Amino acid sequence: MIGSSPSKYEDNIAQLLDRSIILFRRVGNDELADKWDRILKNYHMSLREKRQG
């Protein structure tokens, strides 16, 4: 990630969280998937606030 733009780094984090949610649901761990889904939503909100200034 060295030399990558901050938005690329942020997109990678969001993709990792999204894939984790899918995996947790696939293996039947809905409780953990729901927690990570809330984390992802909060992450998206914080990015929007950051980008709006």
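Annotations for the structure displayed:
- The chain, residues that are assigned to a helix (DSSP H, G or I) and among the small types (Gly, Ala, Ser): Ser7, Ala14, Ser20, Ala33, Ser46
- For first residues located in segment 21-33 and touching a residue at least 12 places away in the same chain (Cβ under 8 Å), partners that are assigned to a helix (DSSP H, G or I) and among the hydroxyl-bearing types (Ser, Thr, Tyr) and lie 6+ apart or on another chain with Cβ distances below 9 Å form the pairs Ala33/Ser20.
Every read-out reported here was derived from the displayed coordinates using simple, explicitly stated rules and does not represent laboratory data. All values derive from a computational prediction rather than experimental measurement. Counting neighbours? That spans all protein chains shown, and the Cβs are built from the backbone with ideal geometry, glycine included.
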